[in-house]
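Novice: For reference, the structure I am asking about is given below.
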Amino acid sequence: MLRKAFVLLLYFLLILPLPGFAAPANPAPVLKQAAAVPQIRVGLWVNQPSVVLSADVKFAVVDNDTGAVLVQLGPKEKLVATAVDKLILNGRPQTAKSVRMAVEDSKSFIEVNKRHYRGTIELMTAKKGLTVINRLPVEEYVYGIIGKEISPYWPMEAIKAQAVASRSYALANLNKHAQQGFDVCATTDCQVYGGVDDENLKTNRAIDETAGMVLTYQGKVIPGYFHSSGGGYTENSENVWGSYLPYLRGVADFDQNNPNYSWEKQFSAAELQSLLERAGYAIGKLEAVELSALTPPPVRNSLDRGISGRVNEMIFIGSKGSVTLPGTKVRSLLSLKSTLFDISVIAPGNKTLEVEITDSYGDHETKEIPVNLPPNKQKGFLLDRDSIRHIGGTGQELIVFNGFGSGHGLGMSQWGAKAMAEKAPANSPEYFKAILKHYYQGIEIKKLY
């Protein structure tokens with residue numbers, strides 16, 4: 001009898017979670033060290049009116065507070081969950097505020113609204129519907145990110161760099177959305193997460209080969225901020241988000257082979273004035289825009305541009321006043337790809353106009369800019385290229401934004417990482433570390449588990 005009691009005690013000790021980590025609801029068979037991998041709660045949807053759940057094996061819905069089994073269903077059976085003041089499962093009201101879906105076979109995936117997820121699914125009632133949470137080991141969470149963030153056809157070392165950056169971001173942002181009941185969301189506000197359906201064998205291998213590796217600065221895990229393309233140079237953190245982070249310093253980027261390296265967007269003066277008015281900036285008739293000319297990086301001692309040339313602030317001058325907007329606000333207001341841009345003001349004229357464009361490396365090119373204005377106007381001409389770009393006053397003048405790169409410009413440039421990986425020495429399975437140390441200054445790469 002004593003021997004039996006000892007065996008039972010040993011069994012319960014073995015299944016207890018490690019200190020500091022939540023107990024995994026399901027083992028993670030794809031990882032040899034699953035017990036040591038932290039869990040993460042991913043908010044898939046918030047205020048969802050209803051969700052449909054299923055699995056290929058038997059599953060049950062369990063009350064998180066009491067452990068009581070509320071519903072049991074067989075393979076492929078559907079569970080419809082709704083919330084109107086209280087949780088309703090397949091038409092039956094429940095008193096539970098939070099439930100989890102547990103599958104009979106830990107190797108099976110859970111289907112939610114026709115998408116598949118590892119780990120467990122939790123449902124929480126909220127004022128306006130259901131909050132749907134995917135709880136799973138961090139490594140398996142990263143599986144569902146990388147396929148959304150980077151191409152599996154890119155070099156392996158670039159994918160590994162992305163894996164370490166994404167894992168670091170996740171671990172540094174645990175509890176970011178704690179007030180909503182989860183750690184991170186599944187959108188661009190955190191990292192885009194698609195679950196099993198967006199996994200890929202090559203990207204999963206890159207994650208496995210870097211398992212547990214994170215970016216650290218002075219011993220602390222840092223969020224691995226990244227963006228699509230730096231446009232030739234990345235930026236200092238204070239010039240984008242206002243706060244100084246020593247590991248986010250502007251460095252040369254190598255993204256020139258990106259098909260979207262440069263971009264252009266045009267507005268008539270009237271359109272730009274209307275966008276400003278709708279945003280609450282009633283400055284009257286738009287008369288000028290003030291912004292210093294873009295010069296090659298590193299840019300020093302500029303009041304309105306950062307080290308990369310990205311716009312810190314820009315002034316719009318109207319007949320009733322003026323407004324100074326941060327570059328990030330201008331980007332959001334005008335739906336620009338980045339804040340690394342220059343502007344030209346063009347008077348009404350012919351359909352095209354030759355304008356000299358300078359990129360972030362100081363290279364010049366002559367480009368024909370389409371002028372989408374009636375052809376009966378006088379021949380087009382460049383009005384101004386100085387800090388104050390004057391606007392003629394007809395409302396038909398064209399303000400052309402010529403820009404470079406895509407994203408906020410902080411941390412790792414994905415296209416730059418690709419270019420570095422393509423030039424990596426042969427048989428260098430740890431070159432991803434060189435990529436990361438280029439884009440994140442003064443960091444160390446450590447293996448947490």
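The values are calculated or read from the model by the stated rules, or taken from the named source; none is laboratory data. The structure displayed is predicted, hence computed values, not measured ones. FYI the Cβ positions are ideal-geometry reconstructions off the backbone, even for glycines, and counts take in every protein chain you see. Ligands, DNA and RNA are stripped out before the accessible areas are found, and what is left, the full protein with its side chains, is counted by its heavy atoms. Shrake-Rupley method; radii C 1.70, N 1.55, O 1.52, S 1.80 Å.
Novice: Could you list, in sequence order, all residues of the range 223-275 that are outside any loop (DSSP other than H, G, I, E, B), farther than 19 Å from Leu325 by Cβ and of a type in the set (A, V, I, L, M, F, W, C)?
Specialist: Residues satisfying the conditions are Phe226, Ala252, Trp263.
Novice: Tell me, please, whether a residue that is open to solvent by 80 Å² or more (accessible area, probe 1.4 Å) and assigned to a strand (DSSP E or B) can be found in the range 108-124.
Specialist: Among the residues of the range 108-124, not one is open to solvent by 80 Å² or more (accessible area, probe 1.4 Å) and assigned to a strand (DSSP E or B), which makes the answer no.
Novice: Tally up the residues in the range 101-113 that are of a type in the set (D, E, K, R), touching a strand residue (DSSP E or B) at 6+ places or on another chain (Cβ under 8 Å) and modelled with pLDDT under 95, please.
Specialist: Total meeting the criteria: 1.
Novice: Is there a residue being among the charged types (D, E, K, R), modelled with pLDDT under 95 and either in a strand (DSSP E or B) or touching a helix residue (DSSP H, G or I) at 6+ places or on another chain (Cβ under 9 Å) (or both) anywhere in the range 279-287?
Specialist: Just the residues of the range 279-287 that are among the charged types (D, E, K, R), to begin with: 285, 287.
Then keep just the ones that are modelled with pLDDT under 95; that gives 285, 287.
If we keep only those that are either in a strand (DSSP E or B) or touching a helix residue (DSSP H, G or I) at 6+ places or on another chain (Cβ under 9 Å) (or both) as well, we get 285, 287.
Scanning the range 279-287 turns up at least one residue that is among the charged types (D, E, K, R), modelled with pLDDT under 95 and either in a strand (DSSP E or B) or touching a helix residue (DSSP H, G or I) at 6+ places or on another chain (Cβ under 9 Å) (or both).
Novice: Just give me the residues in the range 198-210 being open to solvent by 60 Å² or more (accessible area, probe 1.4 Å), closer than 14 Å to Ser151 by Cα and of a type outside the set (Lys, Arg), in sequence order.
Specialist: Result: Leu201, single match.
Novice: While we're on this one: Might you check whether a residue that is within 34 Å of the chain's Cα centre (by Cα), part of a loop (DSSP other than H, G, I, E, B), within 25 Å of Lys128 (Cα to Cα) and of a type in the set (D, E, K, R) occurs anywhere in the range 86-94?
Specialist: Checked against the condition, which is being within 34 Å of the chain's Cα centre (by Cα), part of a loop (DSSP other than H, G, I, E, B), within 25 Å of Lys128 (Cα to Cα) and of a type in the set (D, E, K, R), the range 86-94 yields no hits at all.
Quick grid of which residues meet (1) on the phi > 0 side of the Ramachandran plot; (2) of a type in the set (A, V, I, L, M); (3) in contact (Cβ under 8 Å) with a residue 12 or more places away in the chain:
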position	(1), (2), (3)
Met101	no, yes, yes
Lys114	yes, no, yes
Arg118	no, no, yes
Ala161	no, yes, yes
Val164	no, yes, yes
His177	no, no, yes
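Yes/no per residue for (1) outside any helix (DSSP H, G or I); (2) surrounded by fewer than 24 Cβ atoms within 10 Å (Cβ to Cβ):
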| residue | (1), (2) |
| --- | --- |
| Ala158 | no, no |
| Ala163 | no, no |
| Ala170 | no, no |
| Leu174 | yes, yes |
| Cys190 | yes, yes |
| Tyr193 | yes, no |
| Val196 | no, yes |
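Novice: Which of the residues belonging to the range 13-64 are at pLDDT 50 or above and not in a strand (DSSP E or B)?
Specialist: Residues satisfying the conditions are Ala36, Val37, Pro38, Pro49, Asp56, Val57, Lys58, Asn64.
Novice: Pick from Lys423, Lys337, Lys418, Lys367: which is modelled with pLDDT under 95, on the phi < 0 side of the Ramachandran plot and basic (Lys, Arg)?
Specialist: Values: Lys423 fails: modelled with pLDDT under 95; Lys337 fails: modelled with pLDDT under 95; Lys418 fails: modelled with pLDDT under 95.
Checking each option against the conditions leaves just Lys367.
Novice: May I pose another question? Give me the residue from the range 421-449 that is in a helix (DSSP H, G or I) and more than 19 Å from Gln191 (Cβ to Cβ) and, out of that set, least open to solvent (accessible area, probe 1.4 Å).
Specialist: Ala421
Novice: Would you be able to tell me the number of residues in the range 403-420 that are under 13 Å from Ile150 (Cβ atoms) and open to solvent by less than 10 Å² (accessible area, probe 1.4 Å)?
Specialist: Residues that pass the stated criteria total 4.
Novice: Let me ask another. Keeping to the range 392-449, report how many residues are out of contact with any helix residue (DSSP H, G or I) (no Cβ under 9 Å at 6 or more places or on another chain), free of Cβ contacts under 8 Å to residues at least 60 places away in the same chain and not small (Gly, Ala, Ser).
Specialist: 4
Novice: If you take the residues of the range 146-156 that are within 18 Å of Gly195 (Cα to Cα), assigned to a loop (DSSP other than H, G, I, E, B) and free of Cβ contacts under 8 Å to residues at least 60 places away in the same chain, which of them is farthest from the chain's Cα centre (by Cα)?
Specialist: Selected residue: Pro152.
Residue-wise test of (1) open to solvent by 10 Å² or more (accessible area, probe 1.4 Å); (2) among the acidic types (Asp, Glu); (3) more than 18 Å from His408 (Cβ to Cβ).
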residue: Glu238; (1), (2), (3): yes, yes, no
residue: Leu248; (1), (2), (3): no, no, no
residue: Asp253; (1), (2), (3): no, yes, no
residue: Ser274; (1), (2), (3): yes, no, yes
residue: Leu286; (1), (2), (3): no, no, yes
residue: Ala293; (1), (2), (3): yes, no, yes
